[in-house]
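Reviewing the structure listed below.
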Amino acid sequence: MMRYALLLAALALGGCGATGLTPAPGKQLPVAPYGATAKPTPAQLLTPSNQARPDRSDELLTRSQDRRSDEFSLPPQ
């Protein structure tokens, strides 16, 4: 019985993401940002910018370099 309840709950929660995102009845999308010519769509609002999710840098170290001294790295007193 418990298995069926868990299966039913999983199916119910899985169906929640199948609907498209639209504003609630009587509500509108946020106003267009300053300087923009059109309002962004819900898909554009949900897509993170490059600043929010930067690309990973896989640049390998090609040559070793000595670090310069850090004058603020002082021993404890």
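The values are calculated or read from the model by the stated rules, or taken from the named source; none is laboratory data. Treat the numbers as computed from the prediction; the structure is a model and nothing was measured. Please note: Cβ atoms are built from the backbone with ideal geometry, for glycine as well, and neighbour counts cover all protein chains shown. Side chains are part of the model used for accessible areas, which takes the heavy atoms of the whole protein and leaves out ligands, DNA and RNA. Shrake-Rupley method; radii C 1.70, N 1.55, O 1.52, S 1.80 Å.
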Among the residues in region 49-62, are any assigned to a loop (DSSP other than H, G, I, E, B), modelled with pLDDT of 80 or more and open to solvent by less than 100 Å² (accessible area, probe 1.4 Å)?
yes
Might you check whether a residue that is in a loop (DSSP other than H, G, I, E, B) and of a type outside the set (K, R) occurs anywhere in region 2-16?
no
Just checking, does region 22-44 include any residue being of a type in the set (V, I, T), modelled with pLDDT under 85, more than 19 Å from the chain's Cα centre (by Cα) and exposed (fewer than 10 other Cβ atoms within 10 Å of the Cβ)?
yes
Going through (1) in contact with a Leu (Cβ under 9 Å, 6 or more places away or on another chain); (2) in a helix (DSSP H, G or I) one by one, L21 fails only at (2)
